[in-house]
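Engineer: One structure follows; several queries about it will come next.
The values are calculated or read from the model by the stated rules, or taken from the named source; none is laboratory data. The model shown is predicted, which means the values in this text are computed figures rather than measured ones. Please note: Cβ atoms are built from the backbone with ideal geometry, for glycine as well, and neighbour counts cover all protein chains shown. To get the accessible areas, we keep the full protein, side chains included, count just its heavy atoms, and leave off ligands, DNA and RNA. Shrake-Rupley method; radii C 1.70, N 1.55, O 1.52, S 1.80 Å.
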Amino acid sequence: HKPTGAQIADALLADEYLMAHEFLQFFRLEGMGGNYQLTDWNAEGWDDALRLLCERRPGLREDLLRESLDALLRDFSAKHCVWYHRVHRLLEPSAEDIARHGPRYCAVLATAPSTSVGLAQDMLLRGAKAGRTDADALIAASGAVLLRTEKKLLKAQLAILAALDTDAAQRQAIVPVPRGVDRP
């Protein structure tokens, strides 16, 4: 039988060592983010558990935002990043969260998995629309995406750049758009 979110959360919270050390290893060891029990078999149970854990343990939400982004920067294969994307989106980062973790999101733009780049783009666009994205840092990080071949990522990056509140010097610093890509 599949454990419920409440059962998972209760088990983790009942053991301080398990919660403080072993649980965070899910984000630090390659393969854990692709674990079938986390991503498919009992994904809903784990989603509920994460929500409950964040409600019951002060500071955990912030730790999970950081850990899920750091996992994407560990050069894990795309298959092993599935759960980190899921956790990060589940936490629904606010504009303030996005601003605070801006350097991590910009660093994720240079990673190989397209899905990780897409997650960072979604968050950075949300931050840019709220006026909470560091324009200089994003412009500097955009080159890594604008050199890719996936049109979806290219268009998304251009949309983020278009949403930024930039001055004339910053607009001049934006990397030229590759041929064949329509501006948003």
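Engineer: Just give me the residues in segment 1-37 being open to solvent by 30 Å² or more (accessible area, probe 1.4 Å), within 26 Å of Leu73 (Cβ to Cβ) and not in a helix (DSSP H, G or I), in sequence order.
Structural biologist: Arg28, Leu29, Glu30, Asn35
Conditions (1) under 18 Å from Arg66 (Cα atoms); (2) part of a helix (DSSP H, G or I); (3) modelled with pLDDT under 95; (4) touching a Pro at 6+ places or on another chain (Cβ under 9 Å), marked per residue:
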{"position": "Ile98", "(1), (2), (3), (4)": "yes, yes, no, no"}
{"position": "Val117", "(1), (2), (3), (4)": "yes, yes, no, no"}
{"position": "Asp122", "(1), (2), (3), (4)": "yes, yes, no, no"}
{"position": "Ala128", "(1), (2), (3), (4)": "no, yes, no, no"}
{"position": "Ala162", "(1), (2), (3), (4)": "no, yes, yes, yes"}
{"position": "Arg171", "(1), (2), (3), (4)": "no, yes, yes, no"}
{"position": "Val175", "(1), (2), (3), (4)": "no, no, yes, no"}
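Engineer: Give me the residue from segment 41-54 that is without any contact (Cβ under 8 Å) to a residue 40 or more places away in the chain and touching a helix residue (DSSP H, G or I) at 6+ places or on another chain (Cβ under 9 Å) and, out of that set, farthest from Val108 (Cα to Cα).
Structural biologist: Taking segment 41-54 first, the residues without any contact (Cβ under 8 Å) to a residue 40 or more places away in the chain are 41, 44, 54.
Now restrict to residues that are touching a helix residue (DSSP H, G or I) at 6+ places or on another chain (Cβ under 9 Å): 44, 54.
On the way: Glu44: 26, Cys54: 24 Å.
Per the criteria, the residue is Glu44.
Engineer: Being open to solvent by less than 10 Å² (accessible area, probe 1.4 Å) and under 19 Å from Ser142 (Cα atoms) is the filter here, so list the residues in segment 61-108 that pass it.
Structural biologist: Residues satisfying the conditions are Leu69, Leu72, Ile98, His101, Tyr105, Val108.
Engineer: On the given criteria, is Thr149 out of contact with any strand residue (DSSP E or B) (no Cβ under 7 Å at 6 or more places or on another chain), farther than 30 Å from Cys54 by Cβ, β-branched (Val, Ile, Thr) and without any contact (Cβ under 8 Å) to a residue 24 or more places away in the chain?
Structural biologist: On the way: out of contact with any strand residue (DSSP E or B) (no Cβ under 7 Å at 6 or more places or on another chain): yes; farther than 30 Å from Cys54 by Cβ: yes; β-branched (Val, Ile, Thr): yes; without any contact (Cβ under 8 Å) to a residue 24 or more places away in the chain: yes.
Spelling it out, Thr149 is indeed out of contact with any strand residue (DSSP E or B) (no Cβ under 7 Å at 6 or more places or on another chain), farther than 30 Å from Cys54 by Cβ, β-branched (Val, Ile, Thr) and without any contact (Cβ under 8 Å) to a residue 24 or more places away in the chain.
Engineer: Here is a further query. Being farther than 13 Å from Ala156 by Cα and part of a loop (DSSP other than H, G, I, E, B) is the filter here, so list the residues in segment 100-115 that pass it.
Structural biologist: His101, Ala110, Thr111, Ala112, Pro113
Engineer: Just the residues that are at pLDDT 95 or above and under 21 Å from Ala78 (Cβ atoms), please, taken from segment 102-112.
Structural biologist: If the condition is that a residue be at pLDDT 95 or above and under 21 Å from Ala78 (Cβ atoms), then Arg104, Tyr105, Cys106, Ala107, Val108, Leu109, Ala110, Thr111 are the ones that fit.
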